[in-house]
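Before any comments, here is the structure.
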């Protein structure tokens, strides 16, 4: 018994002293944790490069977030509401930035940093990183959708998207004439909101008129000509079966695989599809002929003669309000968002830069023949409603505008507006 | 099972006091009550820690949820937290989404429990009657689906039925109604079919395990006696086996019904509530976790808890489910 007790005491002393050593230790530089969205490994590489460049001033470690954008938001918001000090840097999807900024989850950006990181950024990305007139996040990469098409199908339909902007009506006609499928995202998820917003904005409307309003005063302006036009296009594609039988569950990857198949024709999608097709050809999973058949153009217009407002996405860098080292975190964010890093990230992961300068990089131009088009699309792009209640707005749209074949161009926009308004007033569940 | 139990307090008290001396009897009574007290104390020592842990991990969160459900509270706007009384409950109960989700949840519960009971009973009979050398392998094989994490099995079923990556449409295109263009997750009926099938596949082993325990309790003498009397297999099953394992059946149904009522993973993975397949747990999740509306989410959780309690009460009071009986304690 006594021997056992002595052993226990010895173990306890050893454990406590080990703990003390651990506490006294860590004489190294402060560790910044960067919460990153899943990618092909590019953010890890940038973290390492910036750690080396910092020369011992700080160390960046990455921590992975869930795959779904909404799940990323859930996790970050819950942790920040609990004042999690481990969040130094985070990769933020732009639609959620107003909510985070409004809740005080983001550390204020020093003026000099704002000046530097706001310089030479494409218009869409700058707007997405801003909340009530101030830059609250560092623009990192900016995404936009292009119209990808199979040249053979376009020729058969007598359409040349490269020559000038095409409209959604033209695409509907072409797909119906050639008996092919349009690549659009009709699944009940964030990508559906992306599509609705682009259609409404391209028709000259907005889903939310005054994004900075309080919850009870947010005005949903969907019951307008622009809203009805957007609903008409989506319901036509849904009712005529032009998106294929998979439309109600089609996300970006599903539409991408339809596009590469026998009945692929036109698709709206992010630029990741380009490096993905190239590596598929290299791996022998895709015919070189398909890749040679692919063309690209600006996002389709809703109204003929009016410029399209393509979707805007991407990732901005936020600094956690409860970080122990906000100054170092901002220094790290500046390093991460350096145009050279953005260019490299574009080539390695297919995520386009927010810096205009990065597009002039010869390596970028070589890897992405459509780089200039992407830059132009980003300058024209319209962000999704920048309101702190974006989650409710997007959720309400997804509930009422799904499935696309069930949309009634006259009634659905009004139903969506009524639902979202009631939810924001706390009178209804979402 | 029940024959070899220690003499109970009742039987001791019933013993006639030998010699009829009052003092003796009094001493015996006090000894008995000393012993009772000691037993009670031991009971508390043994069960106390678990009781405290239960209070900490279940009672406290439940009470906290009840408290939170009385507030309008959004996690991103902690300053705007305001007491609204039963307002959240009014919003929930007057919303058709709640009633629709309740209907879907009840539908899934009823169908899965009914099918699983029949299938589970058949599997339990197979396991019970299997040749001794095969018994171990058979039990393991039947239990495999239950050992798989629900999220993993949900993904497996999702990808099997998915219109792009699935193989079900190609394998079963000879079945009327199934063709390569059938998108299982685009309509309510087909989505619910896959969800229910996956749920049945996953949890039938659980119910069959509980029923197997019940089968083991049926005295073999009764079965043999019935056979000697010329009863058919069906008569033995109906008149001897089932009545003797009624307690086990009721417990299996109750446990499975409570489980099925709280279904979440399969729906979350396969449709995320699209096409009118949303269930109550998912509704609570979306309000509390996705919208960060702690008040509304708590109110739904409390109502969901109320439903579960109601199922328990109905089962125990109305159908007289005897939890102790199922374990062979009586």
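Of note:
- Cα gyration tensor, chain A - rounded (a/c under 1.5), prolate or oblate: prolate
- Euclidean distance between Cα centres, region A:146-217 to region A:34-63, Å: 36 Å
- Within a Gaussian network of chain B (alpha carbon springs, distance under 10 Å), most fluctuating of B:295, B:43, B:189: B:43
- Each label point was placed 7 Å from the Cα along the Cα-to-Cβ direction; for residue B:313 and residue B:52 their separation is 3.2 nm.
- Cα principal axis extents for the protein assembly as shown, largest first, Å: 115, 71, 54
- 0 to 90° range, to nearest 10: angle between helix A:2-24 axis and chain A longest Cα axis: 60 degrees
- Space enclosed by the convex hull of the alpha-carbon atoms of region A:171-293, per residue, Å³: 128 Å³
- Annotation for region B:81-116 versus region B:250-295: alpha-carbon center distance of 10 Å.
- Percent of C-alpha pairs per 5 Å bin, region B:96-326, short to long: 1, 6, 12, 14, 15, 15, 12, 10, 7, 4, 2, 1, 0, 0
- Calculated [θ] (222 nm, deg cm²/dmol) that DSSP helices of n ≥ 4 give over chain B, each run adding -39,500 (n - 2.57): -21000 deg cm²/dmol
- Chain A: angle of helix A:390-400 to the longest principal axis, Cα-based, in degrees nearest 10: 40 degrees
- Rounded to 5, the percent of DSSP beta bridges in chain A classed as antiparallel: 65 percent
- Geometric extent, Cα atoms of region B:87-208 - Rg, Dmax (angstrom): 18.2, 62
- Directionally averaged shadow of region A:222-300, computed from the convex hull of its alpha-carbon atoms, nm²: 6.2 nm²
- Put the Cα centre of region B:205-239 next to the Cα centre of region A:287-301 and the gap is 68 Å.
- Cα gyration tensor category, rounded, prolate or oblate, for region A:33-134 with a/c compared to 1.5: rounded
- Counting, for every residue in B:289-296, the Cβ atoms of other protein chains within 10 Å of its Cβ and taking the mean gives 5.
- GNM top mover of B:177, B:103, B:297 - chain B, alpha-carbon springs below 10 Å: B:177
- Label sites at residue A:112 and residue A:422, each approximated as a point 7 angstrom past Cα along Cα to Cβ, lie 5.4 nm apart.
- Among B:201, B:234, B:157: highest mean-square fluctuation, GNM of chain B, C-alpha pairs under 10 Å: B:234
- As a rough footprinting exposure proxy, the listed residues B:224, A:229 were ranked by other beta carbons within 10 Å of their own, and the order from fewest upward is B:224, A:229.
- Spherically averaged projected area of region A:63-202 from its Cα convex hull (nm²): 11.2 nm²
- Counting every other Cβ atom within 10 Å of each residue's Cβ, A:80, A:182 order from fewest to most as A:80, A:182.
- For the pair residue A:155 and residue A:78, the difference between a 0.36 nm per residue extended length and the Cα-Cα distance amounts to 22.6 nm.
- Tensor-based shape of region B:179-267 (alpha-carbon gyration tensor, a/c under 1.5 rounded, otherwise prolate or oblate): prolate
- Inter-label distance, nm, simple model (7 Å from Cα along the C-beta direction), residue B:173/residue B:126: 3.1 nm
- Rounded to the nearest 500, the 222 nm mean residue ellipticity of chain A from helices alone is -14000 deg cm²/dmol, with -39,500 (n - 2.57) taken per DSSP H run of at least 4 residues.
- Degrees between helix A:339-349 axis and first principal axis of chain A (Cα, 0 to 90, nearest 10): 70 degrees
None of the figures in this text is laboratory data; all of them are computed from the coordinates on show. Since this is a predicted model, take the numbers as computed values, not measurements. When we count neighbours, we look across all protein chains shown, and the Cβ atoms used for this are built from the backbone with ideal geometry, even at glycine.
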